[in-house]
Amino acid sequence: MCGIIGYVGKSKAVPYLIRGLEHLEYRGYDSSGIAVTENGQVITVKTSGRIQDLKNKLTGIELTAKCGIGHTRWATHGEPDDINSHPHSSMSGLFTVVHNGIIENYLPVKKELMSEGFTFKSSTDTEVIANLLEKYYEGDVVHTINKCRRILEGSYALCIICRDFPDTVYGVRKGSPLHCAESSSGRLFSSDTIALLPYTKSIYTLDEGETAVMDSREISFFDTNSNRISKSADRLDLPERSADKGDFPHFMLKEIFEQPQVLKRTLDSLIKEDELFPELSELKKSFFALQKICFVGCGSAYHAGLAGKILTEKIGNITCTAETASEFRYGNTPLDSKTLCIFISQSGETADTLAALLKAKEKKARTLSVINVRGSSIAGESDFVIYTEAGPEIAVATTKAYTAQLISLYLFALCFAHERWQIKRSERDRLLSELRLLPAKVQRIIDSRDKAELFSSLFDGRREGWFIGRGSDYAAAMEGSLKIKEISYINTGAYPAGELKHGTISLLERGTPVVALCCEERLFTKTFANIREVKARGASVLILACEKSAEALTDEENVLFLPDTADEFACLLQAVALQLLSYYTAVKRGCDIDKPKNLAKSVTVE
Ligand code: F6R
């Protein structure tokens, strides 16, 4: 993870570096720092904590430098304290580096450098890079970078300054993204185009192993043999990703509220004149030949994949799997040209999902990705892409991007099942009409959010809880449990409701909060029996059910009713109710809703 930035221009570097870091803060926010070249000296200011803490530390320090680098960190090696914060300098201070990624062989390299007399101040892998650069330096920085590149294993995007060239920033990448751009305001490097788009839409994306050199005159590019190469910029006609939460107290609440529009926009963009996914016509031709579909993602995106698997298997009559990308990439799932792998990712940059995609391609599987951020790495590598229309998602806990993934996967399942003659046109149209009603139903849930707020008392004073459900209710339970965990720090687990008696039920204590999901009509009586079992043992139960079950639940005290929908789509409505439940639970606990501890929005390390 982490975000890196570099600046060279005619203006003072610090404001550009700080603005860039603020754009990149979603990539990590446990510490941050900058280094600038001031009168031939490299000056580093860094601190643990948020970028605001760095700004506070910089107050009163007059820095006029026009060249510098910056970093916002999500700690991998070494705790997030002042010393481990980036930038890191080599032993003599000749090189100073900011790094996004992980150097996997840093320990043997560090050992060797220490045996040669190099000293280290931090526990990071990054300091190894700075000292390695110093070791191999003979006057030409690009040559030195390429020598070090051959030694360093793992992934990295680096911005480097060298004391000998005070108006120059060097950038190189392997595995982690790095972009640069030139504008009237100056030249910049950034981990993400988001920090460059306010200045220009013309953006260079570094290829694997390429080095870019930025000075007061130009940006030049070099290949892995240090030969100068020409490179053209891509025009990214993307809207600037605004980070304005308007009148909402948190981005998460704002993003929950945006869902009706997001879902409608996503559906509208994927259906043209009654044709589903017109842009996937080539892929659709292969549907009959497919023997298996694998859904792959991380965290919430994996949960969306689980819901996608359940529906596609049900109506498409094809074997489906759902796996987390971190398992899939090292697992043995058989893959071939008769397999379609669907990769789901909001950011399009998640390292494990990207690696899983590359593995699927290597095995000749067909690849389709469901992505929110246009121009992202996963979108670029996939054979086919479905874009969700969630717009920028700022809160770390995903809400609108997740439900946009769900609705896209529902639509995909309808399209697949119909094209493969598993459902009739009339059934496709019935389900499609139901799908089109979801945005309004989500709006109803948002309008009655006071109920979710009220029921959030279930978790008052509790440190743990359970989510249970069967079928697609179980997929919803997984997501609900994750939402509570990540923003309220309550240790919840999600279990298939029928599994409890095989071990987990021994954990149950008087008052243990249990959220029971029972929207799948065909499984209602089964889950209801499991609710009785946990209640009999003292659990405090909140039931999420559709209005059609009201009669069966008249004796139940705590029921959060959701609008009726087809069994197939209830998971999406449950997700919205559970987002609100998690949100209000976290607010009451005084948690940092938009930036929960230890997390980052984009997970670019494995
Ligand atoms: C949870 C959450 C994460 C992400 C996961 C994948 O609220 O946001 O679990 O879903 O890190 O991220 P993307 O979708 O960017 O690949």
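General observations
- Computed over the stretch 39-176, the Cα gyration tensor eigenvalues convert (square root of 5λ each) into semi-axes of 23, 18, 14 Å, ordered from largest to smallest.
- Size descriptor, Kirkwood hydrodynamic radius, that averages inverse alpha-carbon separations across the stretch 245-446, Å: 16.9 Å
- Estimated at 0.36 nm per residue, the fully extended path between residue 433 and residue 120 surpasses their Cα-Cα distance by 106.3 nm.
- Placing +1 on the Cβ of every Lys and Arg and -1 on the Cβ of every Asp and Glu, with nothing else charged, gives the stretch 464-572 a dipole about its Cα centre of roughly 420 debye.
- Net length available on complete extension from residue 269 to residue 336 is 21.1 nm, with 0.36 nm assigned per residue and the Cα-Cα distance removed.
- Residue 125 long-range amide H proximity, modeled H, under 5 Å: 77
- Taken over the stretch 3-235, the percentage of Cα pairs per 10 Å bin, counting from 0 up to the bin with the maximum distance, is 9, 38, 39, 14, 1.
- Between residue 65 and 13, the built amide H atoms are under 5 Å apart, and every one of these is 5 or more places off in sequence or on another chain.
- Estimated distance in nm for a label pair at residue 451 and residue 535, the labels positioned 7 Å out from Cα along Cα-to-Cβ: 1.7 nm
- Per-pair calculated FRET efficiency, R0 = 35 Å: residue 555 and residue 504 via Cβ, rounded to 0.05: 0.85
- Averaging 1/r over every pair of different alpha carbons in the stretch 3-62 and inverting the result gives a Kirkwood radius of 11.9 Å.
- Residue 327 versus residue 10: modelled label distance in nm, points set 7 Å from Cα along the beta carbon direction: 5.8 nm
- Note on the stretch 1-159: with charges restricted to the Cβ of Lys and Arg (+1) and Asp and Glu (-1), its dipole about the Cα centre is near 420 debye.
- The Cα trace of the stretch 448-606 gives Rg and Dmax of 15.1, 49 Å, the first to one decimal, the second as a whole number.
- Bridge orientation summary for the chain: considering DSSP beta bridges with both residues in this region, about 60 percent are antiparallel.
- Estimated dipole of the chain in Debye, rounded to 20 [Cβ of Lys and Arg +1, of Asp and Glu -1, Cα centre]: 340 debye
- Here is the tail figure for the stretch 298-340: Cα pairs spaced more than 13 Å apart come to 59 percent of all pairs.
- Least to most buried among 543, 342, 229 (fewest other Cβ within 10 Å first): 229, 543, 342
- The packing ranking, built from the mean of other Cβ atoms within 10 Å per residue, places the peptides 532-542, 33-43 in the order 33-43, 532-542, highest first.
- In this simple spin-label model, placing a label point 7 Å from the Cα along the Cα-to-Cβ direction at both residue 150 and residue 185 gives a separation of 4.0 nm.
- Positive-end residue, the chain charge dipole about Cα centroid, Cβ charges, pick of 538, 109, 586: 538
- Residue-count net charge about residue 532 - beta-carbon cut-off 15 Å; Lys, Arg +1, Asp, Glu -1: +1
- The residues 99, 143, when put in order of fewest to most other Cβ atoms within 10 Å, stand as 143, 99.
- Quotient of Cα Rg and 2.2 N^0.38 Å for the stretch 543-606, N being how many residues it contains: 1.52
- Put simply, the amide H of residue 369, placed in the peptide plane, has neighbours under 5 Å in 343, 384, 385, 386, leaving out anything fewer than 5 places away on its chain.
- Value of Rg/Rh across the chain [Cα atoms, Kirkwood radius]: 1.00
- Ordering 280, 454 by the number of other Cβ atoms within 10 Å of each residue's own Cβ, fewest first, gives 454, 280.
- Segment residue 165-residue 58, length gained on full extension (0.36 nm per residue, minus Cα span): 36.1 nm
- Ordering of 197-207, 572-582 by burial proxy (mean other Cβ atoms within 10 Å per residue, highest first): 572-582, 197-207
None of the figures in this text is laboratory data; all of them are computed from the coordinates on show. No experiment lies behind these values; they were computed from the predicted model shown. Here the Cβ is made from the backbone with ideal geometry for all residues, glycine too, and neighbour counts use every protein chain on show.
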